[in-house]
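Notes follow the structure.
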Amino acid sequence: IDQLYKKNDILRLYLNEIPYGSQAYGVEAACRTFFPGNIKDDNCSAQLTLSQSAMLAAVANLPTYYSPYGQHIDALKSRQALVLDLMADQKYITDAEADAAKITDFAAIGLAPAPQIATQVSPYPHFAQYAQEYLEGKYGTRTVESGGLKVITSLDIKKQKLMQRAINGTNGIAAIRRGGGSNVAMVSADPKTGQVLAMMGSYDPNDKDFGAFNVALANRQPGSSFKPITYAAAMKGNWGPGSTIYDVKTDFGGGYSPKNYSGTHYGIQSMRSSLAGSLNIPAVKMLHIAGVKNTISTAHDMGISTLNKPAGDYGLSLVLGSGEVKLNDMVNAFESFANGGVHYEATPILKVTDPRQRVLMDTSKPKKPKRVLDAQISYLVAHMLSDNRARQYIFGANNPLQVNGRTVAAKTGTTEHYNDAWTMGFSPDIVTGIWAGNNDNRPMSSSAVNIAAPLWHDYMAGYTDRQTREKVEGALDDYPASSNWTAPPGIQTLTIDADTGGAITSATRSRRTDIFPGWYKVQAAGGIKSANIDKVSGKLATECTPQAAVQNVTAGQIHAEIPTTDPAYPRWQAPIAALAQRLGYASGVGSIPTERDTLHNCSDVKPSVNVSASGTSTLLITANVTSGTHTANSLTVYFDDQVISTQAINGSTNYSFAYNAPSSGSHTVRAVVTDTALYSGQDETTVTTTASGGFVGIFPPSPANGSFIPQNTPIT
């Protein structure tokens, strides 16, 4: 070719033939497709501005990837700027001309609206474009466009149609619109191969406003659906589903104090209940414990292609979904949970052969997968997310994240201002993710559990069409109902102190039994202690302490989930200490004395009382009190176990009571005396009465000053 044509002729032939995407071949066709406003005569491309020309030069490299109607607008702008900068470097234009021609707004340079793409290209255009872009990245645009490749995609037509039907069903786009959204995207994939089985990039690819845009490949904030990745990263350390986490208002520094969706703090929780109930404060704690860098690395290993800024640029809100990800990537990441921690790259391709029938790609026989999570971690995450009982306290028992008769795991995600609603869910055989919202990022009025989760349930489990009453099949119907995850070797069942998260002790009030990874070690009980205290002396009770003086006390500190050396420990510990105090734990170990009681002695003489009663209707009750080693200080008189008088003892020894018997018959009169050391003595007598009715009075001896001073004496 070099010998037959000049360089400019070769370039002209090339530019008049190469694909530009959107069914445009050659620069003239591209001009008419992208810039129809330039068609002032038969030669549209002659009317191109510097900015438009540089854009077409940028698109030519990877037409699908750099399409101005595609997912990589920022990349196209960067490449167009590179073209202009190189032209300035080579003195074709000035620096000022280059800067003026760089794209800031596509509308300003005359870019036409995106063409409708559905029926002409493919009945499933978003999947078709995704597959084409994937192949271009592997083999180059020229080979894909004109290389004679035979391509079999991974698209499952049945599931694609089920997806489209569900989107048009009762819980589909109509329900999403009622919740303030206008669009939805869905992806299903096979976790055992990484093959994408179905994809809807919008509710309708022919929507004139945004149908051509594939939201399944766009960057959106995932909300709480990112939490399982963070919990998986944390479980590489000494954590498991039964580990204790404290859901209390916490200052994470810099004024950052997140709130739960419900606005309530739930106190002592487990990792299981925190993840299943999607509590925000425990999740932020998990990110701090796992580390932002480690969590992002785990996400990348699992298939997330975004989150590429330095780890320091992401705050702890990353776990709540502040970092943008792609729906297709999230489905690919959740495949690692469904598939025992091994990961296959997401692919829309089943098989590719060249014109010589050589197999270039065959994902029906996938290569050895990459292990990205320990098998125990993936099992534990799936176990927690499939535990419907664990999420009932937030979502209720009858929520759309469960499928009757099936084992499925699911997690919702809603961004702070209801801009994005996600549901990620999976069985061992299929993973499906849903995004619902507005392409322009307008907030909605409903959360994911109300608008994304019901649609996920319809697609996965099937539903009954409300108009036709027809039973619509679900994606799970293609797989055995008995399909479940098998616990890998090493999983252990342990019982721990639920309050402290440590070992069981005699002071344990509440226990929690759950599963843990094999490397988990139960921590020591910490400072929690329990002891019997002598209420009179305030020292440790002994065998001589009377039962009335014994009080069981639990004391110590419930410690924050991080080491005391962590700079954040004081901020975490303060609200936890307050929670412990509300639960009846003393503020510190020092509240339990170390000295034994010496006030009570086993040889102490207890107080005694002698009681008598005379009369048949109105009784005269007399009690004679004798102090023992310690001074008697109170006297209680009972009539058939009903207290009829409590009398403080003022140094006297004889007390008399007049009492009208309430009923006839045989009755017991009992007197109990207690001294200052809480020793007690008692005596009783039997009396036969005829009914009279009511208490008359108490007649203590006259004190030295001659006045009558009744104490605690009820008078009827």
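Here is how the numbers come out for the structure above:
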item: Farthest toward positive dipole pole in the chain [+1 Lys/Arg, -1 Asp/Glu at C-beta], among Y569, I281, V27; result: V27
item: For region 557-672: accessible area per residue (Å², 1.4 Å); result: 49
item: For S447, solvent-accessible area (1.4 Å; no DNA, RNA or ligand), Å²; result: 10
item: Filtered trypsin sites (Lys or Arg not before Pro), region 23-108: DSSP coil and at most 12 other beta carbons within 10 Å; result: K40, K91
item: Label-point separation in nm, S297 to A481, each point 7 Å along Cα→Cβ; result: 4.5
item: Cα pair distances in region 502-651, grouped into 10 Å bins until the bin that holds the longest one, percent each; result: 9, 24, 22, 17, 14, 9, 4, 1
item: Once exposed loop chymotrypsin sites (Phe, Trp or Tyr not before Pro) are cut out (DSSP; at most 13 other Cβ, 10 Å), longest piece of the chain; result: 257-707
item: FRET efficiency, 1/(1 + (r/R0)^6) with R0 51 Å, evaluated for C544 and Y569 via beta carbons; result: 0.75
item: Eligible lysines near K411 by straight Cα distance, threshold 20 Å, same-chain separation 8 or greater; result: K227, K259, K285, K326
item: Karplus (6.51, -1.76, 1.60) ³J(HN,Hα), θ = phi - 60°, over region 672-684, in Hz, Gly and Pro reported as x; result: 10, 10, 10, 9, 5, 9, 6, 6, 9, x, 8, 8, 9
item: Rounded to whole Hz, the Karplus (6.51, -1.76, 1.60) HN-Hα couplings of region 653-669, x for glycine and proline; result: 10, 10, 9, 10, 10, 9, 9, 7, 4, x, 8, 7, x, 8, 9, 10, 10
item: Length released on extending from Q523 to Y256, taking residue separation times 0.36 nm less the Cα-Cα span; result: 93.2 nm
item: Cα-projected label distance for S364 with L149, points at 7 Å along beta-carbon direction, nm; result: 1.8
item: Gained length - A174 relative to K161, 0.36 nm times residue gap less alpha-carbon distance; result: 2.9 nm
item: Surface share of carbon and sulfur [accessible, 1.4 angstrom probe, percent] for the chain; result: 50
item: Where region 129-265 is the region considered: accessible area per residue in Å², 1.4 Å probe; result: 36
item: Charge-dipole axis of the chain as Lys and Arg at +1 and Asp and Glu at -1 on Cβ define it, positive-most pick from L111, T646, S608; result: L111
item: Anisotropy class of the chain from Cα gyration tensor, a/c 1.5 cut; result: prolate
item: For region 441-566, with +1 on Lys and Arg beta carbons and -1 on Asp and Glu, the positive-most of V449, S482, M460 along the dipole; result: V449
item: For region 633-673 and region 350-417, distance of Cα centres in Å; result: 74
item: With DNA, RNA and ligands ignored, accessible area of H457 (1.4 Å probe; Å², nearest 10); result: 50
item: Förster-model FRET efficiency, 60 Å R0, S652 and T513, C-beta, rounded to 0.05; result: 0.50
item: Nitroxide proxy distance, nm - points 7 Å out along Cα→Cβ at R356 and Y139; result: 1.4
item: Reachable lysines from K529, criterion Cα separation under 24 angstrom, eight or more residues apart if same chain; result: K521, K539
item: Cleavage-rule hits, trypsin sites (Lys or Arg not before Pro), region 353-422, DSSP coil, Cβ neighbours within 10 Å at most 15; result: R356, R358, K367
item: The chain - mean residue ellipticity at 222 nm from DSSP helices (-39,500 (n - 2.57) per run, n ≥ 4, rounded to 500); result: -7500 deg cm²/dmol
item: Computed lengthening from A107 to E17, 0.36 nm per intervening residue step minus Cα-Cα distance; result: 29.8 nm
item: Magnitude of the charge dipole, the chain, Cβ model with Lys/Arg +1 and Asp/Glu -1, debye to 20; result: 920
item: Long-range HN-HN contacts of I245 with modeled amide H, under 5 Å; result: Q269, S270, M271
item: Sequence of C544, C31, C602 from largest to smallest accessible area, 1.4 Å probe; result: C602, C544, C31
item: Which of D497, D641 is most accessible, then next, and so on - probe 1.4 Å; result: D641, D497
item: Residues whose placed amide H lies under 5 Å from that of N633, excluding near-sequence neighbours; result: T674, D675, T676
item: Cα-based reach from K236 at 12 Å (exclusive), listing aspartates and glutamates while leaving out same-chain residues under 8 positions away; result: D374
item: Under-5 Å amide H pairs with M444, H placed in peptide plane, nonlocal only; result: N419
item: Integer Hz, Karplus 6.51/-1.76/1.60 couplings in order for region 467-474, x for Gly and Pro; result: 8, 8, 6, 7, 7, 8, 5, x
item: Charge tally in the Cβ shell below 14 Å around L494, where Lys, Arg are +1 and Asp, Glu are -1, L494 excluded; result: +2
item: Estimated FRET transfer efficiency when R0 is 56 angstrom, pair D604-K208 (beta carbons, to 0.05); result: 0.05
item: log10 of Debye I(q)/I(0), alpha-carbon scatterers only, for region 402-449 at 0.20, 0.21, 0.27, 0.29 Å⁻¹; result: -0.66, -0.70, -0.92, -1.00
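The values are calculated or read from the model by the stated rules, or taken from the named source; none is laboratory data. Bear in mind that the values here come from a model prediction, so they are computed numbers and not experimental data. Note that we place each Cβ from the backbone using ideal geometry, even for glycine, and neighbour counts take in every protein chain shown. Surface accessibility is based on the protein's heavy atoms, side chains included, excluding ligands, DNA and RNA. Shrake-Rupley method; radii C 1.70, N 1.55, O 1.52, S 1.80 Å.
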